[in-house]
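Have a look at the structure below, then the notes.
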Amino acid sequence: MNEPWITILSAALVGLGVLAELNLLRIFLHDWRESRREELARPSHARPRRRATETAPPQWHPGRHWLAACLVALALSAPVARAQEPAVTGQPTTTPAATNQPEAPTEPPQTTGRHLLRSAEDTKSPFGLQINIDYTTAYFYHGIIQEDTGFILQPAAKLTINLYEQDDFKVDALLGTWNSFHGQKTGAQTHGDFTDYWYESDLIAGFVLTKGKWSLTSCYTFLTSPSDAYQTVQELDLTVAYDDSDLLGKLALHPYVLLGMETGADASDGAASNTGTYLELGIAPGFSVDVGKTPVAISCPASVGLSLHDYYQNAAGEDDTFGFAQVGVKASVPLPFGDRYGKWTLNAGVAALFLGDHTAEFNGGDHEQLIGTIGLQLNF
């Protein structure tokens, strides 16, 4: 690709980000004005995740205030991260392949929703910026269907800041946003030309503690809906992961355990449900092959989602322990654009989702779903 086209593409991505930030600020100001005019009457347990049938009054969304501010911070930090060019440090410790191969996951490689955010590549700079944009055929969050028809585009960004590093121990802070745009206007209660398609916009903030082969990630997430398709959900996630490459070599499984706790007034499993506690167990074995001179990283993620308490409730308020099981295969190919424009990676994958009784009820009674995803990843 010629350099002018790369410049145009990069400028287009930045322009889209700026437009998204301005629109999010507009949404926040609109909500603030409406909240001053009307007395708030927020339902205690109502979060219709998709295809809402009742028009809800405008609600105050405190998470949007922080999301808008943090998106602006991400935009301002991009030139800083861009100015710090990655230095050649030899082979990454997380993969035995060549340095131009996509880095093996250092965080649990989830296959649903916002967990598609992955770790940025280690550099001498304390800052790392990662941008993703993915197209998917269906969106399930922890096994709960959000949309499975029409156009679904999911852009994301994450800023990583190294706070402390000594020997094999380090502490990183992370700040990210994950979004989902739907051509079907899923459950939209707004009447704007753009926000009707903006189903979800999440703010993610947390810390990563790494000690040798072990890592502990704590993230707090505001799951908001610019289209007012659902009420804001807040969730605290704790993830423990282990890199077993030294023990198993090419047969390494990269296991992880994720504990998610809903902390706000609303829940992910629909209206009239209680906030719950979620447990996910997963692995992500993988290998690398060379196609000509191009290294291709192949991973085979598998995960199981469980309810520890009231996470998968049906309309009667009954909980179901088993939420879903998912297996898939994913390929990552580095694109030859050069480090001057960041590290570009093409990702493509397919996953088979098997749902429990209650999550199948949300899915119209279907217990199986095949999901395809393709997207671009850019690391600075």
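The values are calculated or read from the model by the stated rules, or taken from the named source; none is laboratory data. Nothing here was measured: the structure is a model prediction, and the numbers come from that model. Note that we place each Cβ from the backbone using ideal geometry, even for glycine, and neighbour counts take in every protein chain shown. These accessible areas exclude ligands, DNA and RNA; they are computed on the full protein's heavy atoms, side chains included. Shrake-Rupley method; radii C 1.70, N 1.55, O 1.52, S 1.80 Å.
Every residue, every condition in (1) on the phi > 0 side of the Ramachandran plot; (2) open to solvent by less than 30 Å² (accessible area, probe 1.4 Å); (3) without any contact (Cβ under 8 Å) to a residue 60 or more places away in the chain, yes or no:
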{"position": "Lys211", "(1), (2), (3)": "no, no, yes"}
{"position": "Ala241", "(1), (2), (3)": "no, yes, no"}
{"position": "Leu253", "(1), (2), (3)": "no, no, yes"}
{"position": "Gly264", "(1), (2), (3)": "no, yes, yes"}
Just one listed residue, out of Phe324, Phe380, Phe354, is surrounded by fewer than 20 Cβ atoms within 10 Å (Cβ to Cβ), touching a strand residue (DSSP E or B) at 6+ places or on another chain (Cβ under 7 Å) and either at pLDDT 90 or above or not polar (S, T, N, Q) (or both), and it is Phe354
Looking across segment 176-204 at residues that are closer than 26 Å to Leu129 by Cβ and open to solvent by 40 Å² or more (accessible area, probe 1.4 Å), the single one that is nearest to the chain's Cα centre (by Cα) is Tyr197
Scanning segment 316-367 for residues that are under 18 Å from Glu147 (Cβ atoms) and part of a helix (DSSP H, G or I) gives Thr359, Ala360, Glu361, Phe362
Practice prompt. Would you mind stating whether Ser125 is at pLDDT 95 or above and either crowded, with 22+ Cβ neighbours inside 10 Å or of a type outside the set (Val, Ile, Thr) (or both)?
Written response: no
Examine segment 276-286 for a residue that is out of contact with any Phe, Trp or Tyr (no Cβ under 9 Å at 6 or more places or on another chain) and open to solvent by 40 Å² or more (accessible area, probe 1.4 Å), and state whether such a residue exists. no
